[in-house]
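Please treat every number below as a calculation from the coordinates, not as lab data. Bear in mind that the values here come from a model prediction, so they are computed numbers and not experimental data.
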C-alpha cells in the first residue's frame, strides 16, 4: 500500500521529511483494521510519533 501510494518502502519513512512522514502516517491511520502498534512495527517509528501525526 505505501509503495503504491507514495513510491517508498514502509521502512524508509524514517528518512523522509517530517511533513511527508505526517502525510504518510495520516493515510496509514485511516486504513480500516490497522492500529498504531502495527504501523510502528512496520515503519520502525515510535507509537507516540505515529499517534501525534
Handout entry: Ellipticity estimate at 222 nm from DSSP helix runs (n ≥ 4, -39,500 (n - 2.57)) divided over the chain, nearest 500
Key = -16000 deg cm²/dmol
Fill in the blank from the handout: The relative contact order of segment 2-52, taking Cα pairs under 8 Å that sit 6 or more residues apart, comes to a percentage of 33 percent
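Under the classification rounded if a/c is under 1.5, otherwise prolate if a/b is larger than b/c and oblate if not, where does the chain fall, given a ≥ b ≥ c as square roots of the Cα gyration tensor eigenvalues?
Taking the square roots of the gyration eigenvalues as a ≥ b ≥ c, the chain is rounded.
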